[in-house]
Amino acid sequence: MGRKAPLEAFVALCQRHRFESQILPEAESKGWPKEIEFDKLEKRVRKLKRDLKALITDEEVRRHSKFWMEVMTEVKAKGTRAMTGVRNQFANFDKMQPGYYGEQGSVIIQHTLFDMFPPATINLNDIKPLNANEFMQRILVPEVAKSLIMEDQNVAPAKAIKILRESTTYGVAMFPE
């Protein structure tokens, strides 16, 4: 009689195989980093403070944010309540990820943002219909990631957003929390 392994072992093996056979080769072909200097990430995020503050407080600056415009389109289509609900958060999980920076990068970026802009200090009238946490996750985290990717890859904003979105699966697998 053959030996049996727990289902979790098979799932982990399949995920690892998919990563090694599909995701990693794609990342290598597209030049996504295999190593990130996470110890320098907080400082890089802090350098963006002025631009991020403008994004929070200036409606005109927000109108130039692709992430803000996507959220506003979603609000118009679904309504504020549906857009901020748990179901929608799960559906948009990938839009809150910082691309190839993965979960490890996400934690550092979010901690830095919360330190720079404590939610209680953000004027909710400036960012409505979102609350401060939603604004951080849906707008500021991807804006930071876009800026970091632009710097890393020496690309324009539109290309950085494309990389951000294409590299999310790689980032989560390569740099878990």
Which of 148, 24 is most accessible, then next, and so on - probe 1.4 Å: 24, 148
From phi via Karplus (6.51, -1.76, 1.60), per-residue ³J(HN,Hα) for the range 152-166 in Hz, x at Gly/Pro: 4, 9, 6, 10, 6, x, 4, 5, 4, 5, 4, 4, 3, 6, 5
Rough spin-label spacing in nm, given labels placed 7 Å along Cα→Cβ, for residue 155 and residue 69: 1.8 nm
Karplus-derived HN-Hα couplings along the range 137-145 (A = 6.51, B = -1.76, C = 1.60, θ = phi - 60°), whole Hz, x at Gly and Pro: 6, 8, 10, 5, 4, x, 5, 4, 4
Whole-Hz ³J(HN,Hα) from phi, Karplus 6.51 cos²θ - 1.76 cosθ + 1.60, for the range 39-54, glycine and proline x: 5, 9, 5, 4, 4, 5, 5, 4, 5, 8, 3, 4, 5, 5, 4, 4
Distance between modelled label sites at residue 103 and residue 28, nm, 7 Å Cα→Cβ extension: 2.5 nm
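The values are calculated or read from the model by the stated rules, or taken from the named source; none is laboratory data. In this text the structure is predicted, and so the values were computed from the model without any measurement. Counting neighbours? That spans all protein chains shown, and the Cβs are built from the backbone with ideal geometry, glycine included. When the accessible area is computed, the model is the full protein with side chains, heavy atoms only, and any ligands, DNA or RNA have been set aside. Shrake-Rupley method; radii C 1.70, N 1.55, O 1.52, S 1.80 Å.
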